[in-house]
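Everything below concerns the one structure shown next.
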């Protein structure tokens, strides 16, 4: 059964276009690997990045989601980036873990292009 695309799908498209406008290349979306799905994979200045994109006001990002992103990025040999809409929350514990694991957190508002 195919995965249901929610409100985050449009936001993922927006973020992918934003990355392209900022000089990222080789952009791939919704990549499925044995270790899980990756929302966006892109290259910039010779470095590979893995982006997890979240747009869900009803539930904050948790430690386990940060952990999963860091693990996927490690398997993909990439730099992990968590992209959140301004409406999406993140727990204090998740922020702390992101700092420890080297996961970059970026907030992006629709129509706002000066973030990276």
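Take segment 76-99 and flag every residue that is in contact with a helix residue (DSSP H, G or I) (Cβ under 7 Å, 6 or more places away or on another chain) and surrounded by 18 or more Cβ atoms within 10 Å (Cβ to Cβ).
Within segment 76-99, 80, 82, 83, 85, 94, 97, 98 meet the criteria.
For segment 69-98, give me each residue that is assigned to a strand (DSSP E or B), farther than 19 Å from residue 17 by Cβ and within 11 Å of the chain's Cα centre (by Cα).
79, 80
Search segment 100-115 for residues being loosely packed, with under 12 Cβ neighbours inside 10 Å and either in a helix (DSSP H, G or I) or over 15 Å from the mean Cα position of the chain (by Cα) (or both), and hand back the single one that is modelled with the lowest pLDDT.
Applying the filter and picking the extreme gives 114.
Tell me the residue from 32, 66, 41, 15 that is surrounded by 15 or more Cβ atoms within 10 Å (Cβ to Cβ) and either assigned to a strand (DSSP E or B) or at positive phi (or both), please.
Sole residue among the options that is surrounded by 15 or more Cβ atoms within 10 Å (Cβ to Cβ) and either assigned to a strand (DSSP E or B) or at positive phi (or both): 41.
For segment 51-58, does any single residue satisfy the condition of being assigned to a helix (DSSP H, G or I), modelled with pLDDT of 95 or more and surrounded by 15 or more Cβ atoms within 10 Å (Cβ to Cβ)?
No - not one qualifying residue is present in segment 51-58.
Starting from residues that are over 14 Å from the mean Cα position of the chain (by Cα) and more than 24 Å from residue 109 (Cβ to Cβ), keep the ones in segment 26-50 and report whichever is modelled with the lowest pLDDT.
Among residues in segment 26-50 that are over 14 Å from the mean Cα position of the chain (by Cα) and more than 24 Å from residue 109 (Cβ to Cβ), the one modelled with the lowest pLDDT is 35.
The values are calculated or read from the model by the stated rules, or taken from the named source; none is laboratory data. Quick caveat: nothing in here was measured; it's all calculated off a predicted structure. No Cβ is skipped: glycine too gets one built from the backbone with ideal geometry, and neighbour counts run over all protein chains shown.
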